[in-house]
Structures are given as structure tokens and as C-alpha cells.
Amino acid sequence: MKYNRVVVKVGSALVAPDANGCNGKYLLSIARFITACQNAGKEVILVSSGSVAAGRALIQHGSPNPSIPTKQAMASVGQMKMMANWQRFFDVPLSQLLITHGDLKDRKRYINIKNTLRILLENGVIPVVNENDTGATDELKVGDNDNLAALVALVAEADCLFILSDVDGVYEQDPRVNPAAKKLCEIAKITPKIYQMASGTSNVIATGGMQTKIQAADKATENGIDTYIIDGAD
């Protein structure tokens with residue numbers, strides 16, 4: 001695998017695996033991988049979910065499905081927790097970029113993001129990107145960080161996109177329902193049949209699922225960016 005610039009997307013199930021704040025259960029090994037990439041001269045952009053999950057225990061809600069304003073408050077306090085948690089695993093500085101679909105649709109803001117990412121990478125800083133959950137309206141939201149990671153990969157002109165989650169790839173059927181389901185180790189072309197295999201998520205702290213990962217892979221591979229869906233716990 002040859003690449004010079006990679007986007008690594010890390011899902012909520014890895015950032016806050018117990019749905020009760022951040023911890024390093026899986027992030028330490030992911031950080032070691034990112035550091036190894038940097039030591040090999042690669043550039044890495046991190047797209048991290050988990051702000052809502054990180055702030056979940058700090059905002060009273062009393063519901064397994066909190067309201068949107070409550071989730072936005074969770075994201076607001078959780079973003080600080082999430083960034084502090086990531087920083088403790090790195091010796092190099094991290095930066096925070098909170099963006100919306102509206103930022104990526106506006107040409108001037110798109111160029112600003114592109115230039116900011118370039119300068120950060122030139123200075124050895126790891127950009128940590130997340131959606132601006134607190135201020136984004138529905139029409140300006142990407143809605144999930146799988147698709148956001150693909151869009152960031154396009155902006156950054158990355159060679160490769162790694163989607164790290166609690167699943168280890170695409171299966172013909174949901175392996176949690178059918179343990180005998182066959183994994184597709186390589187998908188040369190994303191077809192309607194591939195989309196039909198995908199399902200949403202049953203994880204209460206996540207916003208995506210296999211369907212959004214397929215969408216992200218579709219966006220990225222259409223633009224020549226190799227995409228890998230990987231079990232981030234491994």
C-alpha cells in the first residue's frame with residue numbers, strides 16, 4: 001500500500017466504547033499507527049467522531065434518544081473532552097477543525113479549509129476534523145462523519161481513506177444476524193447491489209452504519225482515493 005497523505009476516520013464506538021465518556025481502550029493503538037505514518041514521512045488528517053458520546057454523561061437527558069438541542073449541548077462539552085483525550089496520545093500538536101456541509105459547498109470557505117489543512121500538515125500538526133454539531137442546521141449538516149471524512153479527503157487531495165469502526169469490512173449480510181455471512185475482501189465497483197447489502201447502525205452513540213461507509217467509499221473512490229473499512233479495535 002503506497003500513500004503520502006491519508007485521512008483516518010475514527011468512529012464513536014472506538015472513541016467512547018462504553019458510551020460513557022472518552023477512554024484510551026482503542027485510541028492508543030490507533031495513535032501509534034498515526035505516529036508510525038508520520039515517522040515514515042506520511043501526512044495524516046484525523047476525522048474523529050465521539051463528541052456527543054464524550055459529553056453524554058455530563059448533560060442531563062433522561063432518555064436513550066435525547067433531543068437535538070440536548071445532543072448539541074453534549075457535543076459542545078464533549079468536543080473538549082475528545083480533543084484532550086486524543087492529545088494525550090501524541091507528542092506533536094493537534095489542531096481542531098469544526099466544519100459543516102455549508103463550509104464545503106461555499107467555494108471561498110472550501111479554499112480556506114484546503115489552505116489551512118496544507119499549512120497544518122507542512123508544520124507537522126495533525127488536523128482533527130469533526131462536524132460542527134452545535135451550530136449546524138439540518139440543511140447544512142453532512143450528518144455523519146463517514147461522508148465527512150470522504151469530503152475531507154477530497155479537499156485535502158488525500159491518496160487514501162481509512163474508515164475505522166467496530167466492523168471489519170463489508171459483508172453480504174449483517175454478520176451480527178448471520179454469523180456465516182461472507183465478507184467481501186475487495187470491492188472493485190460500488191453497485192446498487194452493494195448498497196443493498198448495507199444497513200444502518202444499531203449503536204445508540206453512532207450516527208452512521210455500513211450504508212454511510214459505502215456512501216463515503218463511493219465518493220472517495222470515484223475521485224481515485226483508495227478506501228479501506230477496518231476494525232479499529234484490531
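The values are calculated or read from the model by the stated rules, or taken from the named source; none is laboratory data. Nothing here was measured: the structure is a model prediction, and the numbers come from that model. Positions of Cβ are generated from backbone atoms using ideal geometry, with glycine treated the same way; all protein chains shown enter the neighbour counts. Ligands, DNA and RNA are stripped out before the accessible areas are found, and what is left, the full protein with its side chains, is counted by its heavy atoms. Shrake-Rupley method; radii C 1.70, N 1.55, O 1.52, S 1.80 Å.
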Top-ranked residue of the range 78-89 - restricted to ones that are in contact with a helix residue (DSSP H, G or I) (Cβ under 6 Å, 6 or more places away or on another chain) and among the hydrophobic types (A, V, I, L, M, F, W, C), ranked as most open to solvent (accessible area, probe 1.4 Å) | Phe89
Report yes if Ala75 is over 18 Å from Ile229 (Cβ atoms), open to solvent by 30 Å² or more (accessible area, probe 1.4 Å) and in a helix (DSSP H, G or I), otherwise no.
-> no
Going by the conditions given, is Pro69 open to solvent by 80 Å² or more (accessible area, probe 1.4 Å), free of Cβ contacts under 8 Å to residues at least 40 places away in the same chain and on the phi < 0 side of the Ramachandran plot?
-> yes
Picking from Gly41, Gly24, which residue would you name as being outside any helix (DSSP H, G or I), open to solvent by 30 Å² or more (accessible area, probe 1.4 Å) and either out of contact with any Gly (no Cβ under 8 Å at 6 or more places or on another chain) or among the β-branched types (Val, Ile, Thr) (or both)?
-> Gly41
For residues that are at pLDDT below 85 and among the hydrophobic types (A, V, I, L, M, F, W, C), scanning just the range 160-184, find the one that is surrounded by the fewest Cβ atoms within 10 Å (Cβ to Cβ).
-> Val177
Inter-residue pairs, beta-carbon under 6 Å, first within 19 Å of Lys219 (Cβ to Cβ) and assigned to a strand (DSSP E or B) and in the range 182-193, second of a type outside the set (Asp, Glu) and open to solvent by 100 Å² or more (accessible area, probe 1.4 Å), 6+ apart = none
Lone qualifier among Arg32, Arg56 - being crowded, with 22+ Cβ neighbours inside 10 Å and charged (D, E, K, R) = Arg56
Among the residues of the range 150-178, write down those that are under 13 Å from Thr221 (Cα atoms) and small (Gly, Ala, Ser).
-> Ala150, Ala153, Ala158
Determine which single condition Glu157 fails, assuming it passes every other condition in (1) modelled with pLDDT of 85 or more; (2) crowded, with 18+ Cβ neighbours inside 10 Å; (3) within 17 Å of the chain's Cα centre (by Cα).
-> (2)
Which numbered condition Thr70 fails, given (1) assigned to a helix (DSSP H, G or I); (2) closer than 22 Å to Ile225 by Cβ; (3) out of contact with any Leu (no Cβ under 9 Å at 6 or more places or on another chain) | (2)
Mind telling me which of the residues Ile194, Ile187, Ile225 ends up being modelled with pLDDT of 90 or more and surrounded by fewer than 20 Cβ atoms within 10 Å (Cβ to Cβ)?
-> Ile187
